[in-house]
1. Can you name the condition, by its number, that residue B:348 falls short on among (1) in contact with a helix residue (DSSP H, G or I) (Cβ under 8 Å, 6 or more places away or on another chain); (2) away from chain A (no Cβ under 14 Å)?
2. Select from the range A:108-131 the residues that are within 18 Å of residue A:143 (Cα to Cα) and over 20 Å from the mean Cα position of the chain (by Cα) and write down the one among them that is nearest to the other protein chains (Cβ to nearest Cβ).
3. Quick check on this structure: which one of B:338, B:306 is at pLDDT below 90, buried (at least 17 other Cβ atoms within 10 Å of the Cβ) and either more than 30 Å from the chain's Cα centre (by Cα) or more than 30 Å from residue A:52 (Cα to Cα) (or both)?
4. Filter the range A:64-83 down to the residues that are surrounded by 16 or more Cβ atoms within 10 Å (Cβ to Cβ) and touching a strand residue (DSSP E or B) at 6+ places or on another chain (Cβ under 6 Å), then identify the one that is modelled with the highest pLDDT.
5. Just to be sure I understand, how many residues within the range B:275-307 are within 19 Å of residue B:383 (Cα to Cα), within 11 Å of chain A (Cβ to nearest Cβ), in a helix (DSSP H, G or I) and touching a helix residue (DSSP H, G or I) at 6+ places or on another chain (Cβ under 8 Å)?
6. Need pairs with beta-carbon distance below 6 Å; first residue exposed (fewer than 12 other Cβ atoms within 10 Å of the Cβ) and within the range B:210-239, second part of a strand (DSSP E or B) and modelled with pLDDT of 90 or more; sequence gap 6+ or separate chains.
7. Only one of A:100, A:105 is more than 9 Å from every other protein chain (Cβ to nearest Cβ), surrounded by 23 or more Cβ atoms within 10 Å (Cβ to Cβ), out of contact with any strand residue (DSSP E or B) (no Cβ under 6 Å at 6 or more places or on another chain) and over 23 Å from residue A:188 (Cβ atoms). Can you tell me which?
8. So which residues in the range B:153-177 are crowded, with 19+ Cβ neighbours inside 10 Å and modelled with pLDDT of 85 or more?
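The values are calculated or read from the model by the stated rules, or taken from the named source; none is laboratory data. Because the structure is predicted, anything quoted here is derived from the model rather than measured. Quick reminder, even Gly has a Cβ in these numbers, built from the backbone with ideal geometry, and neighbours come from all protein chains shown.
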């Protein structure tokens, strides 16, 4: 269980202090897809970065199975991300100098897994996402949908508990986007916690839970979502 | 995994990587050429002096690298008789006076080393594998005459032949009566003339450059040198190893100069590596953010950037050694034509030194970029386009 407790983030700039995220508390349930919605600049990405340990909160805590991420140093947070978190980004964020299977195998390499094993698992994951014929292709030789599926396979490389997806369909055509979303919902059905930052209302409608942010604050969701904004 | 990633990263920008490696190669190559000169000189001195030098060399005063390579004659002539008088006491079998004069020209082809030796002395007794290639050697009745035998290298280098006149000064010239050679380079690169003729030409009647002594028991050379020093406190007595030691000292002095010049080239190479790595880190900030996001520790990025710098330096060093080797061959070709000696040598210790220097250079120049890569902020890095 991933839990945010009074999580906040403020930036001190020359022009003054900006409160990017006001105190925020939420329990992210396993086996569910939670969508984080909100207009640009509402604090969605800031929240995702804090939850994933990519940034440090100004106050509050993030608990994963009772352990407070905000108290960990950089190396410990990196290890936690490596073993427990998977990431899918809008712009895919594959490593351009590695081919498809090497990209997927990369997080496994960081855990010290031997090459034969990580290669076998990378092949298995890519084949699962329909990329068995694209194993040796470099990112620039893949379509957007294929790149996002490679990113999905990479996110699953170390069998994480939590998947963070930041606008995962933002750069995809509708068919590829649907394919990626189906995969994310499948992962939730397997028991993982899936947290998606999105502008996509259709996606939000499919989500099990919706968080709506405005001006860095949890607020009421648009009525068309048909879901309570604040659980 | 890290080396594969480092290698892939470097080849992402093949032109920049190749140019940087070339810069290192030129720096290491020039260092190899400069330092190989010292190695070559050591080898040449060891083979020349070690095999054919006299058992003892006599100088006026102490013999050291700073003062003893001049050819100014300093030994008063009477010491020749004094040493001969002590021959039986110290087991000296031959006392040979030597007057050296270096006539500098504007080019190597016009520069000559004159060696004044007693004309009665059989040069075959002084130089191993001595042979007359053309004409004849010196004879006892040549003493006082303007005749010379010249080394084969001198003849080749300066295009001299039998019968030609060698002008030493306005009044004195020497006719070439023989072209000689030996298995070593001293004779090959000298012009040997009768001692009294050279004394007359130089206007130096009562001084010698060196006196050489052959001993009945060469193995006791060091002991005899000490005893002779007690009898002749104004003279210096050097064994072959003493001479080699002084020459080594001289080479070391030039080592420092050559190393200093090489260091400048290496610093330029190191700056090139550091610049390349800094640019690479800057360009890949977003990628490093991704790598950190998916679980790499800061030290992974530190090691990655450092590995790239080391790999770049290592490849540059290998190319530099090859480049240095080619340069050294060229230097030796020129030196062989000019003085009949190979003055540069690429020894295993020099290769090891060059690669070690490149390794340290890579390490030093990669440190700052590596620290920078390790300290990136993930969220900021990933926000960069």
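1. Result: residue B:348 fails condition (1) only.
2. Only one residue tops the list, namely A:131.
3. Selected residue: B:338, the only one of B:338, B:306 that is at pLDDT below 90, buried (at least 17 other Cβ atoms within 10 Å of the Cβ) and either more than 30 Å from the chain's Cα centre (by Cα) or more than 30 Å from residue A:52 (Cα to Cα) (or both).
4. Across the range A:64-83, the extreme among qualifying residues is A:64.
5. Looking only at that region, the number is 9.
6. Matching pairs, first to second residue: none at all.
7. Selected residue: A:100, the only one of A:100, A:105 that is more than 9 Å from every other protein chain (Cβ to nearest Cβ), surrounded by 23 or more Cβ atoms within 10 Å (Cβ to Cβ), out of contact with any strand residue (DSSP E or B) (no Cβ under 6 Å at 6 or more places or on another chain) and over 23 Å from residue A:188 (Cβ atoms).
8. Correct list: B:155, B:160, B:166, B:174, B:176, B:177.
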